[in-house]
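Engineer: This is the structure I want to talk about, given as structure tokens.
What follows is calculated from the coordinates using simple rules that are stated; it is not laboratory data. Note that the structure is a prediction, hence the values are computed from the model and not measured. Cβ: placed from backbone, ideal geometry, glycine included. Neighbour counts: every protein chain shown.
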Amino acid sequence: MGSTDYEFRTVWRVAGTPEVVAAALGDATTLPRWWPSVYLSAEPVAGGPEPLPGIPRPTRLHTKGWLPYTLRWTLTVTEPITPRGFALTAAGDLHGTGRWTFEADGPETVITYDWHVRAAKPLLRRLSWLLKPAFAANHRWAMARGQESLALELRRRRATAQSTTGSTAGRTAPGAPAVPPPPPPTFAWLTRRAARTDT
């Protein structure tokens, strides 16, 4: 494996069904809302042929981890999203493939993410030989924030589903504990720069 190639396997366990997990992870356009520590922006790619059923349009992403650099890449789902999982490709500052796998375990879902990726951004290519352990730690930090953020998002969705109709529809049910916000991104100046760049 070359100095710019990375292989990761991440395993999460969250309260919720594979169906709701697939709904959250399968819609890349919502990632900046519930996983903002990593996903700064997400924009569906316009034009091109209509995607097949169960496969969303590719999404342009602006992402980061703990370290003060960002990545721009396009996520393309390559097979229909199901409660068993789905596969994707990355192109841009990252090139590679990923696979999410979901498995029910009682009231929880065990989530496995296999990520085979090559750094294409010039900064990462130039420094990978020296800082590869730091870049790998950066990925582990980002995925730990992802598990925390997904658990909060599923709690929020359960609370919303339990809301009554009318004025409280779409909000947390009365008397239910408030769901805290997800962890924010590090280095807030990068987030502000991303907002200016993407407008």
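Engineer: Report, please, the projected area of the chain averaged over directions, based on the convex hull of its C-alpha atoms, in nm².
Structural biologist: Details: hull surface 51.6 nm².
Projected over every direction and averaged, the Cα hull of the chain covers 12.9 nm².
Engineer: Subtract the Cα-Cα distance of ALA15 and ALA104 from 0.36 nm times their separation in residues, and report this length gain in nm to one decimal.
Structural biologist: Working: separation 89, 0.36 × 89 = 32.04 nm, distance 0.98 nm.
This chain segment gains 31.1 nm when fully extended.
Engineer: Still on this model: Hey, fewest Cβ within 10 Å first, where do ASP5, ASP93 land in order? Don't skip to the end; give the middle numbers.
Structural biologist: Values: ASP5 14, ASP93 21.
Lowest to highest Cβ neighbour count: ASP5, ASP93.
Engineer: Another question, then. Using only the alpha-carbon atoms, how far is helix 122-161 inclined from the longest principal axis of the chain? Give it as 0 to 90 degrees, nearest 10.
Structural biologist: Relative to the chain, helix 122-161 is tipped by roughly 10 degrees.
Engineer: If Rh is defined by the Kirkwood formula over all Cα pairs and Rg also comes from Cα, what ratio Rg/Rh do you get for the stretch 1-63?
Structural biologist: Working: Rg = 14.6 Å, Rh = 14.1 Å.
Radius of gyration relative to Kirkwood radius: 1.03.
Engineer: Length gain on complete extension for the stretch ALA23 to PHE8, per 0.36 nm per residue less the alpha carbon to alpha carbon distance? Numbers along the way, then the final one.
Structural biologist: Numbers: separation 15, 0.36 × 15 = 5.40 nm, distance 2.29 nm.
So the chain would gain 3.1 nm between ALA23 and PHE8.
Engineer: Got a sec to turn the phi values of the stretch 30-42 into Karplus ³J(HN,Hα) couplings, 6.51 cos²θ - 1.76 cosθ + 1.60 with θ = phi - 60°, whole Hz, x for Gly and Pro?
Structural biologist: 8, 4, x, 6, 9, 10, x, 5, 10, 9, 7, 7, 8
Engineer: Measuring from label point to label point, each 7 Å out along Cα→Cβ, what is the ARG118 to GLU43 span in nm?
Structural biologist: 2.7
Engineer: OK, next. Between GLY65 and residues 5 or more places away or on another chain, which pairs have amide H atoms under 5 Å apart, with H built 1.01 Å from N, and which residues are they?
Structural biologist: Distant-sequence amide H within range of GLY65: zero hits.
Engineer: A further question on this structure: Not counting the cut sites, what is the longest span of the chain without trypsin sites (Lys or Arg not before Pro) that DSSP labels loop and that have at most 16 other Cβ atoms within 10 Å?
Structural biologist: Details: sites that count: ARG84, ARG171.
The segment 85-170 is the longest one with no such site.
Engineer: Also, quick follow-up: Using the Karplus curve 6.51 cos²θ - 1.76 cosθ + 1.60 with θ = phi - 60°, work out ³J(HN,Hα) for each residue of the stretch 98-110 in order, rounded to whole Hz, and write x for Gly and Pro.
Structural biologist: Rounded to whole hertz, the list is x, 9, 8, 10, 10, 9, 5, 9, x, x, 10, 10, 8.
Engineer: What 222 nm value per residue comes from the helices of the chain, counting each DSSP H run with n ≥ 4 as -39,500 (n - 2.57) and dividing by all residues, nearest 500 deg cm²/dmol? Don't jump to the answer; show the numbers that get you there.
Structural biologist: Details: 4 runs with 63 residues, N = 199.
Rounded to the nearest 500, it is -10500 deg cm²/dmol.
Engineer: List, in order, the whole-Hz ³J(HN,Hα) value for each residue of the stretch 5-10 obtained from phi through the Karplus relation with A = 6.51, B = -1.76, C = 1.60 and θ = phi - 60°; use x for Gly and Pro.
Structural biologist: Going residue by residue, I get 9, 9, 10, 10, 10, 10 Hz, with x marking Gly and Pro.
Engineer: Report the relative contact order of the stretch 52-165, percent, no decimals, based on alpha-carbon pairs under 8 angstrom and at least 6 residues apart. Display every interim value, and only then the final one.
Structural biologist: Values: 153 pairs, mean separation 19.2, N = 114.
Averaging sequence separation for qualifying contacts and normalising by length gives 17 percent for the stretch 52-165.
Engineer: Now for a separate question. Taking the stretch 1-106 as the region of interest, what is the percent of Cα-Cα pairs per 5 angstrom bin, listed from the shortest bin to the one with the maximum distance?
Structural biologist: Calculated over all Cα pairs of the stretch 1-106, the distribution is 2, 11, 19, 25, 22, 13, 7, 2, 0 percent.
Engineer: Next question, about the same structure. In the stretch 53-94, what is the volume of the convex hull around the alpha carbon atoms, normalised per residue and reported in Å³? Don't skip to the answer; put the middle values down first.
Structural biologist: On the way: hull volume 3.1 nm³, N = 42.
Taking the convex hull of the Cα positions in the stretch 53-94, it is 74 Å³ per residue.
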